[in-house]
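Undergrad: Here it is, the structure, as structure tokens.
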Amino acid sequence: MTALRSFAAAFCTVCIMTGGLQLLCPAGRTEKAVRYAFGLIFILCVLSAVPGVKSAVNSDFQLPQTENAAVSAPSVTKAVFETALRQADIPFSQIELCTDNSAADGINITKVTVFTSADASTVRRVLGGGDAPYEIEVVG
């Protein structure tokens, strides 16, 4: 939108300047040549502004960028844990993930906390058991 405003301001400025300069030019044999020169200047000013407006309009209407994979990884993992618990018919109120961003290979989940009244061993078995690379804590 800013590009359109600046284009309109430049267009109006060029119109006023060429109109004012045309009033100052002498009448007679050179009148047609001066009008031609001012018309050419006007057309060049308008055409030079078109690429800037076109790129600004294209950048204004871009689709929103998707999330970075590193940002969405914990939410996807949380959804997987929620699905696993629902499929095992384990009622829960909340799942919290503790992550470690300092690892060189990306984001690592260090701890999963499940708030449920179900048996802790059942929850651990559903969420990966003893083979999981993260700690599973069950809060009742």
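The values are calculated or read from the model by the stated rules, or taken from the named source; none is laboratory data. Since the structure is predicted, the reported quantities are computational estimates derived from the model, not experimental observations. In this analysis, Cβ positions are derived from the backbone assuming ideal geometry, glycine residues included, and neighbour counts consider all displayed protein chains. To get the accessible areas, we keep the full protein, side chains included, count just its heavy atoms, and leave off ligands, DNA and RNA. Shrake-Rupley method; radii C 1.70, N 1.55, O 1.52, S 1.80 Å.
Undergrad: Go through Pro51, Pro74, Pro26 for me and flag whichever is at pLDDT below 80 and in contact with a Leu (Cβ under 6 Å, 6 or more places away or on another chain).
TA: Within the list Pro51, Pro74, Pro26, the selection yields Pro74.
Undergrad: Modelled with pLDDT of 80 or more, assigned to a helix (DSSP H, G or I), of a type outside the set (Asp, Glu) and open to solvent by 40 Å² or more (accessible area, probe 1.4 Å): does that describe Ala79?
TA: yes
Undergrad: If only one of Ala84, Ala33, Ala37 is modelled with pLDDT of 80 or more and under 30 Å from Thr122 (Cα atoms), which one is it? Talk me through it step by step, then tell me what you get.
TA: Values: Ala33 fails: under 30 Å from Thr122 (Cα atoms); Ala37 fails: under 30 Å from Thr122 (Cα atoms).
Exactly one of Ala84, Ala33, Ala37 is modelled with pLDDT of 80 or more and under 30 Å from Thr122 (Cα atoms), namely Ala84.
Undergrad: Further question: Please work out which residue is nearest to Val76 (Cα to Cα), limiting yourself to the range 90-140 and to residues that are open to solvent by 60 Å² or more (accessible area, probe 1.4 Å) and among the small types (Gly, Ala, Ser).
TA: Looking at residues that are open to solvent by 60 Å² or more (accessible area, probe 1.4 Å) and among the small types (Gly, Ala, Ser), I get Ser93.
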